[in-house]
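K.L.:
Below: one structure in structure tokens.
The values are calculated or read from the model by the stated rules, or taken from the named source; none is laboratory data. What you see is a predicted model; the values in this text were computed from it and never measured. Note that each Cβ is placed from the backbone with ideal geometry, even for glycine, and that neighbours are counted across all protein chains shown.
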Amino acid sequence: MLKKLFGSPVGKKLVTGITGLGLVGFVLLHMVGNLALFSGDQAYNEYSEFLTGMGPLFYLVEAGLLAFFVFHIVTGIKIAIGKRRARPVGYDRYQSAGAPSRQTAASRSMIVTGMILLVFTVFHLISFKFGPGGPGNDDVAYLVAYDGGEPIRNMALLVRERFASPLYAFGYTAVMLLLILHLRHGVWSALQSLGAMKPSISGLVYTVGGLLGAGTGIGFLFVPMALYFNLI
């Protein structure tokens, strides 16, 4: 029964809606956490240590996020393939459809921006989570102790080093602009798929989704730009 439900077009939209909103919540929290660097390296390092120090709960959350990523991506690809098969010959020219479909450049590029964000996420994990001082890479140069306490990972040092590179700083910026585009349509689409809004508030939710996407993406830009231009 469940297999039949989630294999249907409606079921696939439910999966992308639920996992999409879950990932939006994670991205928003991650953005807020990044801003801790504005409070100083110690605050940022202690925040990072707090997360990793949660033990099994931290790994459980990571496993849940991974599952959300996989289901969201795989289901999104299936939906895109289904649409392609339903209309093998594309339009000669696209125009924004407006309400109620909200077809825009953001909606039509969801699969493209999603795949780019996936590649970026893998690269981001390799650079930071599994970078110097991370799991299986206990580089003592990336450890720091505060007030005579036990050494913890100096994540702030790694972040500063990475964003000193123009390639990383501006490449990250470019990807965050794509994140804004992805969230611009994704939040509204997820809520629509879950049937969580009435037609009368569709426009309002679409606007709020756009502001949320823009705010989150811009929030991610503060740290790399501030670091690259030596503002913090």
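K.L.:
Among the candidates G149, G215, G210, single out the residue that is surrounded by 16 or more Cβ atoms within 10 Å (Cβ to Cβ) and either free of Cβ contacts under 8 Å to residues at least 12 places away in the same chain or in contact with a His (Cβ under 9 Å, 6 or more places away or on another chain) (or both).
P.N.:
Values: G149 fails: surrounded by 16 or more Cβ atoms within 10 Å (Cβ to Cβ); G215 fails: surrounded by 16 or more Cβ atoms within 10 Å (Cβ to Cβ).
Going through G149, G215, G210 in turn, the sole match is G210.
K.L.:
Right, another one. Taking only the range 118-146 into account, find how many residues are β-branched (V, I, T), assigned to a helix (DSSP H, G or I) and touching a residue at least 24 places away in the same chain (Cβ under 8 Å). I'd like the intermediate steps shown before the answer.
P.N.:
Taking the range 118-146 first, the residues β-branched (V, I, T) are 119, 121-122, 126, 140, 144.
Okay, now just the ones that are also assigned to a helix (DSSP H, G or I), so 119, 121-122, 126, 140.
Add one more test, that the residue is touching a residue at least 24 places away in the same chain (Cβ under 8 Å), and what stays is 121.
Residues in the range 118-146 being β-branched (V, I, T), assigned to a helix (DSSP H, G or I) and touching a residue at least 24 places away in the same chain (Cβ under 8 Å): 1 in total.
K.L.:
Any chance the range 161-184 includes a residue that's closer than 27 Å to L66 by Cα, assigned to a loop (DSSP other than H, G, I, E, B) and at pLDDT below 80?
P.N.:
No, the range 161-184 has no match at all.
K.L.:
Looking only at the range 131-161, filter to residues that are among the hydrophobic types (A, V, I, L, M, F, W, C) and out of contact with any strand residue (DSSP E or B) (no Cβ under 8 Å at 6 or more places or on another chain); which one of those is nearest to L227 (Cα to Cα)? Working first, answer last.
P.N.:
Going through the range 131-161, the residues among the hydrophobic types (A, V, I, L, M, F, W, C) turn out to be 140-141, 143-145, 152, 155-159.
Of the ones still in play, those that are also out of contact with any strand residue (DSSP E or B) (no Cβ under 8 Å at 6 or more places or on another chain) are 140-141, 155-156, 158-159.
On the way: V140: 23, A141: 20, M155: 14, A156: 11, L158: 12, V159: 9 Å.
Checking each candidate, the answer is V159.
K.L.:
Given the criteria within 30 Å of K12 (Cβ to Cβ), surrounded by fewer than 19 Cβ atoms within 10 Å (Cβ to Cβ) and more than 19 Å from the chain's Cα centre (by Cα), does S165 qualify? Steps first, please.
P.N.:
On the way: within 30 Å of K12 (Cβ to Cβ): no; surrounded by fewer than 19 Cβ atoms within 10 Å (Cβ to Cβ): yes; more than 19 Å from the chain's Cα centre (by Cα): yes.
Spelling it out, it is not the case that S165 is within 30 Å of K12 (Cβ to Cβ), surrounded by fewer than 19 Cβ atoms within 10 Å (Cβ to Cβ) and more than 19 Å from the chain's Cα centre (by Cα).
K.L.:
Next up: So which of A190, A156, A106 is at pLDDT 95 or above and surrounded by 14 or more Cβ atoms within 10 Å (Cβ to Cβ)?
P.N.:
Being at pLDDT 95 or above and surrounded by 14 or more Cβ atoms within 10 Å (Cβ to Cβ) holds for just one of A190, A156, A106, which is A156.
K.L.:
Take the residues in the range 212-232 that are aromatic (F, W, Y) and under 21 Å from the mean Cα position of the chain (by Cα); name whichever of them is nearest to N34 (Cα to Cα). Even if it seems obvious, please write down each step before you answer.
P.N.:
From the range 212-232, those aromatic (F, W, Y) are 220, 222, 228-229; that's our starting set.
This time we only want the ones that are under 21 Å from the mean Cα position of the chain (by Cα), so: 220, 222.
On the way: F220: 7, F222: 9 Å.
Step by step, filter the range 212-232, then rank; the result is F220.
K.L.:
Being aromatic (F, W, Y) and over 23 Å from G148 (Cβ atoms) is the filter; apply it to the range 15-55 and report the residue that is surrounded by the fewest Cβ atoms within 10 Å (Cβ to Cβ).
P.N.:
Initial filter on the range 15-55 (aromatic (F, W, Y)): 26, 38, 44, 47, 50.
From the residues that got through so far, the ones that are over 23 Å from G148 (Cβ atoms) too are 26, 38.
On the way: F26: 15, F38: 13.
Per the criteria, the residue is F38.
K.L.:
Can you name the number of the only condition in (1) over 22 Å from I116 (Cβ atoms); (2) in a helix (DSSP H, G or I) that M54 fails?
P.N.:
Going through (1) over 22 Å from I116 (Cβ atoms); (2) in a helix (DSSP H, G or I) one by one, M54 breaks only (2).
K.L.:
Identify the residue in the range 185-207 that is without any contact (Cβ under 8 Å) to a residue 60 or more places away in the chain and part of a loop (DSSP other than H, G, I, E, B) and, among all such residues, is farthest from G25 (Cα to Cα).
P.N.:
Only one residue tops the list, namely K198.
K.L.:
Now, a different point. What do you reckon, is V61 within 30 Å of D147 (Cβ to Cβ), modelled with pLDDT of 90 or more and within 18 Å of the chain's Cα centre (by Cα)?
P.N.:
Values: within 30 Å of D147 (Cβ to Cβ): yes; modelled with pLDDT of 90 or more: yes; within 18 Å of the chain's Cα centre (by Cα): yes.
So V61 passes the test.
K.L.:
All but one of (1) surrounded by 12 or more Cβ atoms within 10 Å (Cβ to Cβ); (2) closer than 23 Å to F222 by Cα hold for V119, so report the exception by its number.
P.N.:
V119 satisfies every listed condition except (1).
K.L.:
When residues of the range 114-154 are filtered for being of a type outside the set (A, V, I, L, M, F, W, C) and touching a Gly at 6+ places or on another chain (Cβ under 9 Å), how many remain? First the steps, then the outcome.
P.N.:
Of the range 114-154, the ones of a type outside the set (A, V, I, L, M, F, W, C) are 114, 121, 124, 127, 129, 131-139, 142, 146-151, 153-154.
From the residues that got through so far, the ones that are touching a Gly at 6+ places or on another chain (Cβ under 9 Å) too are 114, 137, 139, 142, 153-154.
Selection size over the range 114-154: 6.
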